[in-house]
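Structure, as structure tokens:
The values are calculated or read from the model by the stated rules, or taken from the named source; none is laboratory data. Computed from a prediction, not measured in an experiment: that's the story for all the values here. All Cβ positions, glycine included, derive from the backbone under ideal geometry; neighbour counts span all protein chains shown. Side chains included, ligands, DNA and RNA excluded: accessible areas come from the protein's heavy atoms. Shrake-Rupley method; radii C 1.70, N 1.55, O 1.52, S 1.80 Å.
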Amino acid sequence: DAGVIQSPRHEVTEMGQEVTLRCKPISGHDYLFWYRQTMMRGLELLIYFNNNVPIDDSGMPEDRFSAKMPNASFSTLKIQPSEPRDSAVYFCASSPPLETQYFGPGTRLLVL
Amino acid sequence: GNSVTQMEGPVTLSEEAFLTINCTYTATGYPSLFWYVQYPGEGLQLLLKATKADDKGSNKGFEATYRKETTSFHLEKGSVQVSDSAVYFCALTLARGGGKLIFGQGTELSVKP
């Protein structure tokens with residue numbers, strides 16, 4: 001199994017640009033999670049899906065952030081417009097119908 | 001509310017030393033408890049877990065016992081190696097079926113030869 005796949009692994013962009021992060025969960029996992037990791041705030045859950053439906057998006061910082069899961073094998077996290085304070089590592093994780101979550105390698109985002 | 005508190009790092013040890021990283025939790029129900037490890041530049045990996053009181057999770061020489069009476073899940077290893085250098089996260093979840101993970105702030109471990 002390839003594990004959770006995220007792309008790109010690194011992204012450098014300028015303030016105001018749109019950023020799209022992508023995630024392919026492990027096949028058969030019903031749950032998908034998006035996290036953000038920064039030195040200041042640690043690991044934060046942004047949103048999670050069950051069977052492609054968003055269940056809890058209370059961690060999404062503001063309207064500039066949006067996430068979609070059009071099918072069971074793909075999800076996106078979009079930031080529009082991006083700001084320097086969005087610079088972080090963004091992780092995607094997926095889970096079967098038990099509690100263990102499997103994390104992707106992360107996307108390191110730098111907004112200049 | 002539900003939360004996880006870990007001992008602050010960084011923790012610096014010599015190779016073959018004994019490791020303890022403290023973790024306590026607050027939860028309104030009966031959580032499952034986890035330790036995840038993050039090696040430099042990588043995502044988080046599950047290290048071990050316990051789903052009910054008195055369960056002991058173990059993996060790669062690491063152990064943690066779910067103590068309901070003290071609401072704790074301390075991570076231990078008898079003899080650390082340089083390759084154990086990483087950030088360790090304690091976490092809980094209250095919802096079966098892949099619910100939200102609530103993480104502690106992480107504890108950085110550095111093992112010197």
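Separation of region B:1-28 from region A:1-63 is 26 Å, based on Cα centroids.
Determine the equivalent ellipsoid of chain A by diagonalising the alpha-carbon gyration tensor, then write out the semi-axes as square roots of 5 times the eigenvalues, largest first, rounded to whole Å.
Numbers: eigenvalues 101, 38, 33 Å².
One finds semi-axes of 23, 14, 13 Å for chain A.
For residue B:68, the aspartates and glutamates whose Cα comes closer than 13 Å to its Cα, not counting residues fewer than 8 places off in the same chain, are B:54, B:55.
Count charges around residue B:48 for me, please; just the other residues with Cβ under 12 Å from its Cβ, Lys/Arg as +1, Asp/Glu as -1.
Details: positive: B:49, B:56, B:60, B:77; negative: B:55, B:63, B:76.
So the surrounding residues net to +1.
The residue among A:26, A:71, A:55 whose Cα reaches farthest toward the positive pole of the charge dipole of chain A, with charges on the beta-carbon of Lys, Arg, Asp and Glu, is A:26.
For B:112, B:77, A:68, write out the residues from largest to smallest accessible area, computed with a 1.4 angstrom probe and no ligands counted. Intermediate values should be presented prior to the final figure.
Values: B:112 100, B:77 25, A:68 135 Å².
Highest to lowest solvent-accessible surface, that is A:68, B:112, B:77.
When restricted to Cα atoms, chain B yields an Rg and a Dmax of 13.5, 42 Å, respectively. What is the sum of charges around residue B:111, taking Lys and Arg as +1, Asp and Glu as -1, for the other residues whose C-beta is under 12 Å from the C-beta of residue B:111? After counting each charged neighbour, the total is -2. For the protein assembly as shown, report the % of Cα-Cα distances exceeding 33 Å. Counting every Cα pair in the protein assembly as shown, those more than 33 Å apart make up 17 percent. Here's how it looks for residue B:47: its modeled amide H is under 5 Å from those of B:35, B:36, B:37, which are all 5 or more places away or on a different chain. The H on the amide N of residue B:74, modeled in the peptide plane, is under 5 Å from the matching H of B:23, B:65, each at least 5 residues off or on a different chain.
As an exercise, identify the GluC sites (Glu not before Pro) in region B:1-83 lying in DSSP coil whose Cβ has no more than 11 other Cβ atoms within 10 Å.
Values: sites: B:8, B:15, B:16, B:42, B:63, B:69, B:76; in loops: B:8, B:15, B:16, B:42, B:69.
Hits after loop and neighbour filter: B:8, B:16, B:69.
Rounded to the nearest whole Hz, the Karplus-based 3J(HN,Hα) values (6.51 cos²θ - 1.76 cosθ + 1.60, θ = phi - 60°) of region B:55-66 follow the sequence 5, 10, x, 8, 5, 6, x, 8, 9, 8, 10, 6, with x at glycine and proline.
Over 21 Å between Cα atoms: which of B:56/B:112; A:24/A:68; B:77/B:112; A:24/B:100 fall into that group?
Working: B:56/B:112 28 Å; A:24/A:68 12 Å; B:77/B:112 15 Å; A:24/B:100 19 Å.
B:56/B:112, as the Cα separations exceed 21 Å there.
Tell me, which longest segment in chain A has none of the GluC sites (Glu not before Pro) that fall in DSSP loops with at most 16 further Cβ atoms within 10 Å? Here the longest run is A:63-112.
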